[in-house]
Each structure stands twice: as structure tokens, then as C-alpha cells.
Amino acid sequence: MSYQKMKGTVDIFPSEASKWQYVEQVATDILRQYQFKEIRLPLFESFDLFARGVGESTDVVSKEMYDFYDKGDRHIALRPEGTAGAVRAFVENKYYGPEHHKPQKYYYIGPMFRYERPQSGRQRQFYQLGVEVFGSKNPATDVETMALAVDLFQSLGLEQVRLVINSLGSNESRAAFRQALIDYLEPFSDQLSDDSKRRLHENPLRVLDSKAPEDKKIVANAPSVLDFLDEESAKHFAAVKEQLDLLNIPYEVDANMVRGLDYYNDTVFEVITDHEKFGANTTIAGGGRYDGLVETVGGPATPAFGFGFGLERLLMLMEYSNVQFPADPQLDVFIVTIGQRASTEATKLAHALRQRGLLVEREFMNRKPGTQFKSADKLNARFTFTLGDRELEKNTVNVKNMATGQELSMDLADVYSKDFRENFQEIKDELK
């Protein structure tokens, strides 16, 4: 019987995995500068956590969740996003207590799951990097976290991205806007797309960011959420814009940007690309403030802010933008073996060289020497170390510079010595 991967999943081989590792390394270096610490979370949680936290009326919960009942008849869901799980962990482990520094700043990297139509850059199992900040209502938290997002993408070589921001206001002002929006949209209900007809009374704010042409035409004259901000929310948003200006970070205000999850309030943002291979206004990262979610999940009232982005889509954008990924480190040594005795000695030699910090590969397949040298060349090895009966009788190894073809013989005892690292530098100089 043959097996194939499940629809909406991908196999990532080393040639591609090295690109993922590069992105993750750049990201974690920047996150460390901003003092974010890693948190590792379960891949599955109680279904109710996402239903309450993300919102039962959202597409994520109503249409895209991978959920099931386990052998204990518990309703389980594979995580569709990271924020709800991070909030659950923060509350369950009481990191809101006075003994913990505020704000708490976390990041996570890992797979998420959504049952939707697989497409380029969007799979049913996808990988996401997310950051969360708990405990600060200060607008500076919003600005610093958005600056982190911009810094991260620019450090990866993506200059042509835009920061777009909006404010959804407090829960009270958002409720007033929600009703005004319903009142505006109802006369057009028969002209809306099917998705927007469904959302009209369940989640009307999502109609604002619909991609359907008929919806875009209707919402062009819809009331603006910014006209409904209460005094505190208006001051908060003004401070956010002022501090972005202070940092010389360009941004746009889009009053129709609402994000897809129910828990957001006040500042929301997206990082957008207009790359021709994606199309205009393609979101590559998004997030915002969610001051009520910790309380919803059972903790004390705690302000919070965060964002996330999918690694698949980011990597696609980097490739489309001709970002140069760093090459893998060059192999230092390939060990060529001739005969069984040499193969046994190669086990000891490879281990010794690796213990001294060198990148080493060796022959395992007992192929002809010429074929082994071709492999060494294909692997871009700097040097070959050749072992055969002749070398073992003399207790030596033949060292060859693959770039120049120069060779020399070296005592194995010297290779196994603690000073070999320094001696190897002399060998490299001699074989130039």
C-alpha cells in the first residue's frame, strides 16, 4: 500500500528547511532585542476555549476548526491560532500575579490548523509566528509591537511592505458602531455577497473588509468606526499615531480594516504587500489590542496586544522579492575510505574532527574512490581526508585541498591530539 500526505499539508525537505531556519533565526534575534521570551504551547485545546475566545460567529470557529471528541468524550480542537492558547496559559499559570514583571512578553513558533481550501501560501496545517504582550494599556506597547513587526520584515529584506492601522474603539463604542453599520447595510442586504448576508447580523464588521466587488461598492459609503470612538479610545489612537510619527514609521489609516476575530478592540493593524504575484492589499501579518480576552478566559481584567504571521506566505514573498538566503555553511572535511579497516577508522576520525568543531561527512557506501571524490566535490567540501590500507599501515591520513588539488600526509596521532584545531589552520595555510 502506498501513502500520500494529507490534503493541505506539505513535506519540507532540507533544501527548503534551511530557509525556514534562517527566517526563524532572524526573527528570534530581533525578538530577543525587544525582550520577548519564547513560550511553547499545546497543539490542541478545549474547543470551548476557541469558541469563547476567538468568537463563535467567526469563520475560524464556525467553518474552519479541526475539532473532534476524544476517547474521554472531551470536545477538542487543533489550535487555529495562537493567542487563545497563550491567554489560557497566562491565566492558568497565574502569570498575572504581582510577583511577575509587567508587561509579560511572549513569542511562539509552531503549526496551526484550519480546514479551508488549500491554496498557494495557505495550507490546512500552516506555521505561524506570534507575539503577545500582557499587562500594559500604554499606547507605547502598541507602537513598540508594531515597530517590532516592521523591523522584522525589513531585516528579512522586505522593504516594500506597508503598515496599515485602525482603531475599533472600546467595547461600548464598537457596539454603537456595530448597530449603525447594521442600520446602514440592511437596505442593501439583497445585494451583498452570500458570506456578507450571513455576517450581516452575526459579525457585521467583517462585511467591511470583504473582498467581494459587490460588497466593496456598498461599504464605500458606510459609516466610519473612527467617528464612533469614545474620548479614551480617540486619545489612545492619537497617541499611537503620534509615536509612530516619532519613530518615522510610515503608516496608513484604513477605517474599514477590522481583522477577522472577535476579541480585538482599539488599535488593530496589518502589514500589507502589493507584490504583483500576490495582488494588491495582501496581508502578511496582522494583530492588535485585545483587552477583554484574559477576563473572558477566566483571568483578571488584563490589557493585551499581539500579532501573528504565517511563515509559508512570508517565505513566498521573500522568494518573489528575490531575497538572497544565506548559503549553508561549507563542509570542512569529507572522509574518503578504501577498505573495511579504513571504514572502521573513519568512524573514529569523523568523531574526533567533529569534537574539534569541524563540519564532517564520510563515506558509508563503500564506493570506488573516484566516486567518493565526486561526492566530496558535489558537497563542496574544503578538504578530503583519505584513509586506505597504505595510510593505516603508516598511521597517517592523506589530506587534499579540493580547490587547489594540493595534498599532504599527516600523522593520525596529530589529528587525534587536543591541539588539532590549531594544527588544522596550519594545514589550510600550507595547502593554499
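The values are calculated or read from the model by the stated rules, or taken from the named source; none is laboratory data. Keep in mind that this is a model prediction, so the values were computed, not measured. All Cβ positions, even for glycine, are placed from backbone atoms using ideal geometry, and neighbour counts span all protein chains on display. Areas reflect the complete protein model, heavy atoms only, side chains present, ligands, DNA and RNA absent. Shrake-Rupley method; radii C 1.70, N 1.55, O 1.52, S 1.80 Å.
Observations
- Among the residues listed as Ala180, Ala89, Ala147, Ala84, the single one being under 30 Å from Asn322 (Cβ atoms) and crowded, with 16+ Cβ neighbours inside 10 Å: Ala147
- Residues within segment 339-361 that are assigned to a strand (DSSP E or B) and surrounded by fewer than 19 Cβ atoms within 10 Å (Cβ to Cβ), tallied: 1
- Here the helices (runs of 4 or more DSSP H) wholly within segment 1-109 that include at least 3 residues being touching a Leu at 6+ places or on another chain (Cβ under 7 Å) are 14-33, 83-92.
- Residue in segment 54-63 that is closer than 29 Å to Ser167 by Cα and touching a strand residue (DSSP E or B) at 6+ places or on another chain (Cβ under 9 Å) present: yes
- Failed item in (1) part of a loop (DSSP other than H, G, I, E, B); (2) open to solvent by 90 Å² or more (accessible area, probe 1.4 Å), with Glu393 passing the rest: (1)
- Here Asn256 meets the list (1) in a strand (DSSP E or B); (2) out of contact with any strand residue (DSSP E or B) (no Cβ under 6 Å at 6 or more places or on another chain) almost entirely, failing just condition (1).
- Qualifying residue in segment 321-338 (condition: without any contact (Cβ under 8 Å) to a residue 40 or more places away in the chain, of a type in the set (Ser, Thr, Tyr), surrounded by 12 or more Cβ atoms within 10 Å (Cβ to Cβ) and not assigned by the TED database to the domain that holds Asn281): no
- Among residues of segment 254-297 being within 20 Å of Phe134 (Cβ to Cβ) and among the aromatic types (Phe, Trp, Tyr), the one that is surrounded by the fewest Cβ atoms within 10 Å (Cβ to Cβ) is Tyr263.
- Only one of Asp227, Asp245, Asp195, Asp215 that is more than 30 Å from Thr145 (Cα to Cα) and either open to solvent by 20 Å² or more (accessible area, probe 1.4 Å) or part of a loop (DSSP other than H, G, I, E, B) (or both): Asp195
- Residue in segment 198-206 that is farther than 20 Å from Tyr290 by Cβ, in a strand (DSSP E or B), in contact (Cβ under 8 Å) with a residue 12 or more places away in the chain and open to solvent by less than 70 Å² (accessible area, probe 1.4 Å) present: no
- Just so you know, in segment 121-156 the residues that are within 25 Å of Gln25 (Cβ to Cβ) and in a loop (DSSP other than H, G, I, E, B) include one that is modelled with the highest pLDDT, and it is Leu156.
- Subset of segment 263-286 [closer than 21 Å to Glu232 by Cβ and either touching a helix residue (DSSP H, G or I) at 6+ places or on another chain (Cβ under 7 Å) or not aliphatic (A, V, I, L, M) (or both)]: Tyr263, Tyr264, Asn265, Asp266, Thr267, Phe269
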